[in-house]
Amino acid sequence: MKPEAGQVLHFSEDPTITRFVPHIAQTSSLDKPYVWAVEGDRCPDYWFPRECPRAMAWRSAKTTPWDADRIIGAGCGDRVHAIEYGWLQAIMDVRLYAYRLPADRFAPIGDPPHAVVSQETVEPLGPPEPVTDLFELHEEAGIQLRVLNNLWPFWNQVTASTLEFSGIRLRNARR
């Protein structure tokens, strides 16, 4: 599930949203209200239930072969996502939807950019689309999906490596 040209996506478990109003997320360290969305390269970060903690890592130009082989795995592609066993059922059961939004209303945020934001109310370009099997999406995208007892040892290795990485909802991971 990726956006078409001129679009960005917002993923939600709520299929009834008719307009996106800028707000300050409870977990945000930013003090401005935004509508959040993602471009195609960051869509896989959101192929999960909203509250599911996930640790993600991928190769970049600065990644050493040793780090890639050690963390992603030799011959295992360019990207790995990790979750905890306790979230498997939620991933199988979640009903996730993608909203297509006009890209020209959004600007990149972060350094490097990890999302796009708008400070204006945005209406979807159409009704939300059900997101299909999340495991299948990962497989089709060539993303390894790893299931672990606990994310923290993996996260500590990733953040100390030369891989690019992102962690979402890690506050929900086991301690």
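Each value in this text was obtained by applying a stated rule to the coordinates, not by laboratory testing. Remember, predicted model here, so these are calculated numbers, not experimental data. So basically every Cβ, Gly included, is an ideal-geometry build from the backbone, and we count neighbours across all protein chains shown.
Within the stretch 4-24, take every residue that is closer than 22 Å to residue 91 by Cβ and not hydroxyl-bearing (Ser, Thr, Tyr) and give me the one that is surrounded by the most Cβ atoms within 10 Å (Cβ to Cβ).
9
Give me the pairs: first residue in the stretch 150-175 and touching a residue at least 60 places away in the same chain (Cβ under 8 Å) and over 21 Å from residue 51 (Cβ atoms), second residue surrounded by 15 or more Cβ atoms within 10 Å (Cβ to Cβ) and of a type in the set (S, T, N, Q), beta-carbon distance under 6 Å, and six or more apart or on different chains, which are they?
162/63; 163/63
Check off (1) in a loop (DSSP other than H, G, I, E, B); (2) surrounded by 14 or more Cβ atoms within 10 Å (Cβ to Cβ) for residue 43 and give me the number that stays unchecked.
Here residue 43 clears every test but (1).
Do we have residue 88 as surrounded by 12 or more Cβ atoms within 10 Å (Cβ to Cβ), outside any loop (DSSP other than H, G, I, E, B) and in contact (Cβ under 8 Å) with a residue 24 or more places away in the chain here? Don't jump to the end; show me each part of the working.
Numbers: surrounded by 12 or more Cβ atoms within 10 Å (Cβ to Cβ): yes; outside any loop (DSSP other than H, G, I, E, B): yes; in contact (Cβ under 8 Å) with a residue 24 or more places away in the chain: yes.
Taking the combined requirement at face value, the residue satisfies it.
Does at least one position in the stretch 72-83 carry a residue that is among the hydrophobic types (A, V, I, L, M, F, W, C), closer than 19 Å to residue 12 by Cα and touching a residue at least 12 places away in the same chain (Cβ under 8 Å)?
Checked the stretch 72-83: at least one residue is among the hydrophobic types (A, V, I, L, M, F, W, C), closer than 19 Å to residue 12 by Cα and touching a residue at least 12 places away in the same chain (Cβ under 8 Å).
Among the listed residues 68, 57, which satisfies the condition of being outside any loop (DSSP other than H, G, I, E, B), within 16 Å of the chain's Cα centre (by Cα), touching a residue at least 60 places away in the same chain (Cβ under 8 Å) and crowded, with 21+ Cβ neighbours inside 10 Å? Spell out the reasoning first.
On the way: 68 fails: within 16 Å of the chain's Cα centre (by Cα).
The unique qualifying residue is 57.
Go through the stretch 113-172 and give me each residue that's under 14 Å from residue 72 (Cα atoms) and basic (Lys, Arg).
The answer is 146, and nothing else.
Which count do you get for residues in the stretch 130-153 that are surrounded by 13 or more Cβ atoms within 10 Å (Cβ to Cβ) and more than 17 Å from the chain's Cα centre (by Cα)?
3
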